[in-house]
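The values are calculated or read from the model by the stated rules, or taken from the named source; none is laboratory data. These figures come from a predicted structure and were not determined experimentally. All Cβ positions, glycine included, derive from the backbone under ideal geometry; neighbour counts span all protein chains shown.
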Amino acid sequence: MRDPVKKCTEIVSSFGAKSCFVKCEKAHIHYICAGHGKPVVLLHGFGAWSYGWRNQIKGLRDCFRLLSIDLKGFGLSTRSLRTSYTVEAHARAVACVLDHEGIESATIVGNSFGGIVAMTMAVLFPTKVEALILLAAPFRIELPAIPRCIFLPLIGPKLAQWFLFNENGVEDVMRFNYANHSIITEEAINAYLAPLQIRGTASAWVKMLRQIDGFDLSDRLPSIYQRTLLIWGELDKTVPLSVGVELSERLPNAELMVLSDVGHAPHEECPALINEAMRKFLLGLY
């Protein structure tokens with residue numbers, strides 16, 4: 001693939017949105033700004049980036065001020081090994097973006113890993129979080145035994161590059177995560193592959209996985225008082241529906257929306273339905 005940074009930049013430009021950077025804790029955070037109105041922050045899952053929210057950026061910018069953030073180690077954000085990649089550090093980076101944009105509070109939307117970052121935002125910076133929309137979001141991180149070999153400093157990055165950072169690896173991950181395989185196009189595969197080929201990605205991921213493994217919000221869930229919309233695919237194999245049911249019972253102000261024939265990425269698998277649900281929820285807040 002040609003220059004992956006240029007490829008990612010071209011993809012962002014195709015959204016017709018503004019590309020921005022802010023420095024936070026020895027890291028440069030990239031985010032996309034689009035639309036006007038009440039602020040809504042979009043946080044992607046592990047291995048993804050702002051490309052995953054393309055349908056929401058296009059479909060919701062008419063009513064809301066959208067900020068789609070590339071978390072550290074992903075998209076066009078930093079891969080520096082001098083910065084922290086803990087869940088709390090990711091939450092602080094999101095707070096930095098809000099401060100930089102002069103936003104006092106926003107609705108935080110998170111898919112998968114982005115969802116646990118969103119909940120951590122609500123714990124660490126409750127006044128900055130107006131509400132939450134969580135799509136297939138875990139509240140604890142327990143990595144399975146096999147990926148632990150990726151923790152090895154010298155071997156881990158090479159394993160990631162061999163098995164994941166290629167077209168076949170990206171397609172395999174998408175087929176596992178998506179119930180709707182019709183959206184697994186060559187364009188989508190290449191769009192997700194591009195940021196993986198930016199120098200330093202594998203090493204940053206290894207450090208991140210070591211730092212986030214074992215993170216658990218269980219004891220803090222009752223303190224997350226903000227109104228919360230939980231969206232889950234019935235066929236999610238990565239973060240099963242049982243997690244969503246438990247979250248709906250443990251969060252004080254949550255409602256659960258379950259989608260049949262949908263996997264781990266509802267916002268990509270059925271974007272029109274998700275945009276409608278998000279719009280209805282967001283307009284009901286104000």
**Prompt:** Quick one: what pairs do we get from segment 100-112, first residue at negative phi, second modelled with pLDDT under 95 and among the acidic types (Asp, Glu), C-beta under 7 Å, 6+ apart or different chains?
**Reply:** none
**Message:** Name the residue that is farthest from Asp70 (Cα to Cα), counting only residues in segment 33-52 that are touching a residue at least 40 places away in the same chain (Cβ under 8 Å) and over 14 Å from the mean Cα position of the chain (by Cα).
**Reply:** Lys38
**Prompt:** Restricting the search to segment 186-225, which residues are within 26 Å of Ile133 (Cβ to Cβ) and aliphatic (A, V, I, L, M)?
**Reply:** Ala188, Ala191, Met208, Leu209, Ile212, Leu217, Leu221, Ile224
**Asked** In segment 102-123, which residues are under 27 Å from Thr201 (Cα atoms) and surrounded by fewer than 24 Cβ atoms within 10 Å (Cβ to Cβ)?
**Response** none
**Fill in**
Going through segment 251-275 in order, the residues found to be out of contact with any Gly (no Cβ under 8 Å at 6 or more places or on another chain) and under 24 Å from Ala122 (Cβ atoms) are Leu251, Pro252, Asn253, Ala254, Glu255, Met257, Ile274
**Asked** Which of the residues spanning segment 202-222 are in contact with a helix residue (DSSP H, G or I) (Cβ under 7 Å, 6 or more places away or on another chain), in a helix (DSSP H, G or I) and in contact (Cβ under 8 Å) with a residue 60 or more places away in the chain?
**Response** Ser203, Trp205, Leu209, Ile212, Arg220, Leu221
**Asked** Hey, does segment 258-279 have a residue that's in contact with a strand residue (DSSP E or B) (Cβ under 6 Å, 6 or more places away or on another chain) and of a type in the set (Ser, Thr, Tyr)?
**Response** no
**Item:** Residue list for segment 235-250, filter: of a type in the set (A, V, I, L, M), touching a helix residue (DSSP H, G or I) at 6+ places or on another chain (Cβ under 9 Å) and closer than 14 Å to Arg140 by Cβ
**Value:** Val239, Leu247
**Complete:** Taking first residues from segment 53-71 that are under 28 Å from Thr86 (Cβ atoms) and buried (at least 24 other Cβ atoms within 10 Å of the Cβ) and second residues anywhere that are at pLDDT 95 or above and acidic (Asp, Glu), the pairs with Cβ under 9 Å that are 6 or more apart or on different chains are Trp53/Glu268; Leu67/Glu101
**Prompt:** In this structure, is His30 under 19 Å from Lys128 (Cβ atoms) and either buried (at least 16 other Cβ atoms within 10 Å of the Cβ) or without any contact (Cβ under 8 Å) to a residue 24 or more places away in the chain (or both)?
**Reply:** no
**Request:** Filter segment 86-135 for residues that are assigned to a loop (DSSP other than H, G, I, E, B) and in contact with a strand residue (DSSP E or B) (Cβ under 8 Å, 6 or more places away or on another chain) and give the result.
**Result:** Glu101, Ile103, Ser105, Ser112
